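Peer 1: Have a look at this one before I ask anything.
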Amino acid sequence: MSSVSSSVRRIAATVLAAGAVVGAAALPAAAQDGHHQRPRVEISRVQADSPGRDDHSNRSLNNEWVEITNTTRDGINLRGWTLRDDDGNRYRFDNVRIAARATIRIHTGNGRDTRTDLFQDRREYVWGNRADTATLRDDRGRTVDTESWGRRHH
């Protein structure tokens, strides 16, 4: 009987050790899932080349835009966040709240800001038709997301 009980103890110890290894391996995955619950705002679409002729009309300027999307379940205040291009043109968000799972479109030209559309009030195009990079930074200057198109000119 003692050889049976020692075999059972060895098997039980092996099972417990294997369980500890599996549990430890699963821990980083669970911790990583928690990491994704932090506020996440991303550049979801860019229309750099406004349709039709680039005639500098307000309509044409406003058909050049960047969309940003809040992918979380909570609204986020974008006060102090910035959106920049490769040439250093910068748009700074004022007291703008993006709702949960919502998208805001930032137009280049003039217009009246709403919950879904913001306007940079510029008279010149910002985004390069052939190549550029849109960079979204938070209020601490940390890069949140970037979107590039074409061949980079750096």
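Peer 1: Order ARG122, ARG97, ARG53 by their accessible area, 1.4 angstrom probe, all chains in place, largest first.
Peer 2: These residues rank, largest area first, as ARG53, ARG97, ARG122.
Peer 1: While we're on this one: Any idea of GLU124's accessible area? Nearest 10 Å², probe 1.4 Å.
Peer 2: 110 Å²
Peer 1: Label-point separation (nm) for ASN77 and ARG59, each offset 7 Å from Cα along Cα-to-Cβ?
Peer 2: About 3.9 nm separates the two model spin labels.
The values are calculated or read from the model by the stated rules, or taken from the named source; none is laboratory data. Here the structure is a predicted model, which is why all the values come from computation and not from measurement. All Cβ positions, even for glycine, are placed from backbone atoms using ideal geometry, and neighbour counts span all protein chains on display. What goes into the accessible areas is simple: the full protein's heavy atoms, side chains included, and nothing from ligands, DNA or RNA. Shrake-Rupley method; radii C 1.70, N 1.55, O 1.52, S 1.80 Å.
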